[in-house]
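Reading through the structure tokens given below for one structure.
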Amino acid sequence: MESRYNPASIEQQWQQTWAEQGVDLTPEDSSKPKYYALSMFPYPSGSLHMGHVRNYTITDVLARVRRMQGYRVLHPMGWDAFGLPAENAAIDRGIHPAKWTEQNIAQMRTELKRLGLSYDWNREVATCLPAYYKWTQWIFLQFFQAGLAYQKESAVNWDPIDQTVLANEQVDNDGKSWRSGAKVERKLLRQWFFKITDYAEQLLNDLDKLPGWPERVKLMQANWIGKSTGAYLEFPIVASDEKIAVFTTRPDTVHGVTYIVLAPEHPLTQVVTTPARKAAVEAFVKEIASQSELERTAEDKPKRGIPTGGKAINPFTGDEIPIWIADYVLYEYGTGAVMGVPAHDVRDFKFAKEQGLAIVQVIAPAGAVEGRSQESEGRGVEAEGTPLTQAYTEPGVLINSGTFDGLPSVEAKTAIVHHAEQNSFGKARIQYRLRDWLISRQRYWGAPIPIIHCPSCGAVAVPDADLPVQLPENIELSGRGASPLAKLESWINVPCPTCGTPAKRETDTMDTFIDSSWYFLRYPDATDDQQVFDPAKTNDWMPVDQYVGGIEHAILHLLYSRFFTKVLRDRGLLNFDEPFQRLLTQGMVQGKTYKNPRTGKYVIATEIADLTNPTDPETGDALELVYEKMSKSKYNGVAPGDVIGKYGADTARMFILFKAPPEKDLEWDEADVEGQFRFLNRVWRLVTEFGERSAASGQQSNPSSDLSKIEKELRRSIHTAIAAITDDLEGEYQFNTAVSELMKLSNALTEAACKDSPVYADGIRALLILLAPFAPHIAEDLWHGLGNTDSIHTQSWLTADPAALVADEITLVIQILGKTRGMLQVPSQSSKEDLERYARESDVARKYIGEKEIKKVIVVPGKLVNFVVV
């Protein structure tokens with residue numbers, strides 16, 4: 001064996017060996033239990049960052065341990081390869097998105113292999129390849145056939161200079177285009193949607209089927225779905241046959257409605273606007289169209305609105321109330337209209353005060369209405385004596401509500417909805433915050449939507465035999481004007497598959513969330529070119545046993561993946577309800593960051609003269625040293641390649657697992673990286689010295705009755721480590737404490753005074769097997785250095801011997817009047833009577849009790865004896 005630990009040489013050697021051996025990492029042995037370990041696949045940006053290293057190392061440890069525990073393991077990797085960054089790169093660099101993506105994949109694949117990740121590369125997928133997006137298109141058609149894919153008009157971000165649709169990522173915080181700098185407008189465009197709202201109730205209820213998910217993630221999903229129970233009510237428009245529909249969770253306040261607010265883009269805006277208000281309303285609508293949704297709904301922004309001149313009728317009171325339009329109401333949410341109840345809604349109260357609108361209180365605290373006569377009450381704030389100074393939003397009793405006066409507000413909700421149903425101007429309704437999923441993208445680098453628009457037949461599905469609808473390569477990407485696909489007449493113009501009439505292809509591509517909503521279903525049958533996947537294979541491996549990814553994907557990606565699973569289940573392809581049994585959302589990797597608190601600018605560490613007293617080299621201001629998420633813009637990133645080059649992949653893996661629990665943020669500190677490097681060097685010396693002494697590798701220890709006291713203590717340390725590390729890799733994953741246990745075992749072996757014992761040989765073997773999932777290269781090399789010919793990664797995981805965990809002796813604390821006076825080594829299996837006898841006969845008792853009378857003896861088995869004396 002080499003006398004010096006050389007991580008670069010060792011890791012390169014074993015990575016090459018493993019690749020040449022072509023080990024079958026997912027044996028199709030159905031007699032074994034399955035384990036599907038999956039990390040969220042990356043976007044191929046060109047290089048790994050430390051967040052990737054953390055994510056992928058976690059699942060690799062679990063995959064390696066489960067293989068050693070006798071599972072057949074599926075541990076694949078692929079690429080979320082479509083998307084806007086590749087298109088932007090094409091525009092900026094003059095390179096085709098496919099070539100740019102392919103180069104990045106090749107680079108990142110090489111970096112992943114340097115980490116020693118045990119992926120089955122035979123199952124690799126890339127969402128931008130026709131072999132994959134053919135089936136993405138096929139799945140789209142499954143949604144289309146099920147009535148779950150449809151078109152409607154929806155607002156988009158529109159660049160008025162470049163004349164193009166912008167993704168949200170292309171609009172800055174000031175609402176301006178990333179490229180032209182123009183103020184972005186909102187424009188209605190006919191686009192494709194998936195009807196995820198049809199599955200809202202299932203998506204909400206089935207969260208209860210996910211005990212292995214973090215509670216905060218389930219709560220985030222539940223809040224995003226946003227189930228509300230309330231009423232659908234219709235307010236007739238004066239001098240019109242039209243009605244304004246609203247949804248409210250507070251039907252008990254309906255007698256307090258003093259105005260109605262429409263979204264500016266609501267179709268009824270034109271109907272209700274009077275001639276005198278037409279110019280003002282049109283100007284306001286145009287102004288609001290230039291604002292993003294974020295700008296309109298931000299809590300810290302003032303709510304703006306204007307009257308339309310139109311009036312509606314409150315069907316409960318018969319009162320005519322004004323109709324306004326306001327920026328805070330969005331047409332895409334609910335019905336696109338809200339009823340204004342300023343007395344009982346904080347936002348409405350503020351808006352009414354600012355606009356001089358009436359405020360009518362219709363709910364009061366129960367005690368405040370006792371003894372009041374019906375006749376003395378009018379329909380206004382003034383009737384209550386003192387105007388409201390703020391909205392009253394608590395439960396109470398109804399007032400100013402006609403026949404409903406005196407009802408508790410909770411009971412009144414049911415009664416008022418029943419009244420609306422009887423009179424045909426409302427009904428009970430459950431509504432969700434969740435909106436249907438807009439999947440259209442007016443960009444090139446995505447999966448084309450497989451629809452042909454025929455003037456006779458309408459929207460027609462591309463036949464399965466004609467899939468995939470491939471992206472044409474001869475395109476011009478400028479970032480200006482219509483989608484590149486919309487300019488290719490030779491690609492657009494095709495005959496209708498149904499009637500043969502000249503027709504046109506759909507030129508929108510799909511949201512990249514579509515690609516990532518089913519990739520985990522493809523891995524079990526990744527090379528199948530005849531079907532999306534073999535249901536038998538996918539149903540065998542699914543659901544994923546452990547999914548690992550960032551908290552930033554806790555809502556949309558996971559929600560969409562759950563939605564896809566349920567739809568494909570209903571199409572007869574899957575036999576399970578949920579795709580991911582367990583979810584781990586790993587924390588961020590943070591780096592040392594130097595920030596000027598006055599300017600908010602970040603400073604590169606290499607430009608700071610004195611890091612112990614950092615100052616801004618430009619301004620001289622004192623800098624803050626904080627830990628923030630690694631990013632190029634903050635100059636705090638650490639390239640995995642640099643760490644691997646200096647310390648080796650095993651050190652990088654050990655540090656990333658040891659520094660913090662997996663769900664917590666991790667602060668990068670090179671001193672701790674060096675600490676793990678030193679630990680691996682100690683393991684190297686420990687094992688190589690053992691090998692040089694030619695101790696028999698793998699020799700079993702003698703029966704425990706034949707072991708010396710020193711050997712028993714070492715054996716207990718070995719089995720304590722086995723038990724603790726195994727426990728850390730089950731249930732709540734605690735990789736950091738598992739690494740600590742490895743260090744303890746290494747220390748116990750280093751300090752052992754029985755290095756020629758078979759127990760010591762067992763300890764060396766155990767240390768390497770327990771280390772293997774964490775540091776696979778050094779463990780493999782040391783294992784073979786001891787004369788083994790098979791791989792350490794094919795060894796069986798160790799099981800702790802319960803008998804070995806029991807100590808022969810324990811330390812008994814002796815107390816006098818509750819104060820510790822000494823300790824005593826006694827047999828661990830001693831009875832309470834024996835413990836009292838040992839304590840009475842001890843030197844400690846003789847010294848501190850002497851001739852005193854013992855009034856009482858308290859014995860805590862395994863811990864202490866306390867004498868109460870007088």
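The values are calculated or read from the model by the stated rules, or taken from the named source; none is laboratory data. Source: prediction; values computed, not measured. A quick note on method: Cβ atoms are made from the backbone with ideal geometry, for glycine too, and the neighbour counts reach across all protein chains shown.
Below, the figures for the structure above:
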read-out	value
Residue ID - nearest to the chain's Cα centre (by Cα), chosen from residues in the stretch 110-128 that are surrounded by 19 or more Cβ atoms within 10 Å (Cβ to Cβ) and part of a loop (DSSP other than H, G, I, E, B)	Thr127
Positions within the stretch 359-402 being at pLDDT 60 or above, closer than 30 Å to Glu299 by Cα and over 45 Å from the mean Cα position of the chain (by Cα), in sequence order	Thr386, Pro387
Residue within the stretch 168-182 that is within 29 Å of Ser45 (Cα to Cα), of a type in the set (A, V, I, L, M) and touching a residue at least 12 places away in the same chain (Cβ under 8 Å) present	yes
Where Phe690 falls short, out of the listed (1) without any contact (Cβ under 8 Å) to a residue 24 or more places away in the chain; (2) surrounded by 14 or more Cβ atoms within 10 Å (Cβ to Cβ)	(1)
Among (1) free of Cβ contacts under 8 Å to residues at least 60 places away in the same chain; (2) assigned to a loop (DSSP other than H, G, I, E, B); (3) over 21 Å from Ile95 (Cβ atoms); (4) not β-branched (Val, Ile, Thr), the one test that Ala482 misses	(1)
Residue, farthest from Pro307 (Cα to Cα), within the stretch 218-262, restricted to residues that are among the β-branched types (Val, Ile, Thr) and in contact with a Phe, Trp or Tyr (Cβ under 9 Å, 6 or more places away or on another chain)	Ile225
Filtered residues of the stretch 614-623 (kept if part of a loop (DSSP other than H, G, I, E, B) and among the hydrophobic types (A, V, I, L, M, F, W, C))	Leu623
The stretch 697-715 - residue that is among the polar types (S, T, N, Q) and outside any loop (DSSP other than H, G, I, E, B) and, of those, modelled with the lowest pLDDT	Ser704
Tally of residues being touching a residue at least 12 places away in the same chain (Cβ under 8 Å) and under 15 Å from Pro543 (Cβ atoms) across the stretch 188-213	6
Matching residues, the stretch 812-870, being touching a Lys or Arg at 6+ places or on another chain (Cβ under 7 Å), loosely packed, with under 14 Cβ neighbours inside 10 Å and within 30 Å of Lys712 (Cβ to Cβ)	Pro861
Filtered residues of the stretch 451-478 (kept if hydroxyl-bearing (Ser, Thr, Tyr) and either at pLDDT 95 or above or closer than 18 Å to Gln137 by Cβ (or both))	Ser456
Filtered residues of the stretch 90-107 (kept if closer than 29 Å to Leu38 by Cα and not polar (S, T, N, Q))	Pro97, Ala98, Lys99, Trp100, Glu102, Ile105, Ala106
Number of positions in the stretch 580-613 that are assigned to a loop (DSSP other than H, G, I, E, B), within 32 Å of the chain's Cα centre (by Cα), farther than 20 Å from Lys659 by Cβ and not polar (S, T, N, Q)	4
Hits in the stretch 630-654 - residues which are surrounded by fewer than 22 Cβ atoms within 10 Å (Cβ to Cβ), in a helix (DSSP H, G or I) and polar (S, T, N, Q)	Ser633
Any hit, the stretch 617-626, residues being free of Cβ contacts under 8 Å to residues at least 12 places away in the same chain and within 30 Å of Val548 (Cβ to Cβ)	no
Residue that is farthest from Ala807 (Cα to Cα) [pool: residues in the stretch 827-857 that are modelled with pLDDT under 90 and touching an Asp or Glu at 6+ places or on another chain (Cβ under 7 Å)]	Pro827
Hey, Thr164 in contact with a Leu (Cβ under 9 Å, 6 or more places away or on another chain) and of a type in the set (Val, Ile, Thr) or not	no
Tyr56 being outside any loop (DSSP other than H, G, I, E, B) and either at pLDDT 95 or above or under 20 Å from Tyr523 (Cα atoms) (or both)	yes
Identity of the residue in the stretch 563-579, assigned to a loop (DSSP other than H, G, I, E, B) and free of Cβ contacts under 8 Å to residues at least 60 places away in the same chain, that ends up surrounded by the most Cβ atoms within 10 Å (Cβ to Cβ)	Pro579
Pick from the stretch 709-721, criterion crowded, with 22+ Cβ neighbours inside 10 Å and aliphatic (A, V, I, L, M), ranking: nearest to Gln825 (Cα to Cα)	Leu714
Search result, residues across the stretch 87-109 that are assigned to a helix (DSSP H, G or I) and either of a type in the set (A, V, I, L, M) or over 27 Å from Tyr56 (Cβ atoms) (or both)	Ala89, Ala90, Ile91, Asp92, Arg93, Ala98, Ile105, Ala106, Met108
Entirely in the stretch 266-327, the helices (runs of 4 or more DSSP H) that have 2 or more residues that are more than 45 Å from the chain's Cα centre (by Cα)	278-289
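To keep it simple, each residue is scored yes or no on (1) of a type in the set (S, T, N, Q); (2) within 24 Å of Phe349 (Cα to Cα); (3) in contact (Cβ under 8 Å) with a residue 40 or more places away in the chain.
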| position | (1), (2), (3) |
| --- | --- |
| Ala263 | no, yes, yes |
| Pro275 | no, no, no |
| Glu282 | no, no, no |
| Lys286 | no, no, no |
| Thr297 | yes, yes, no |
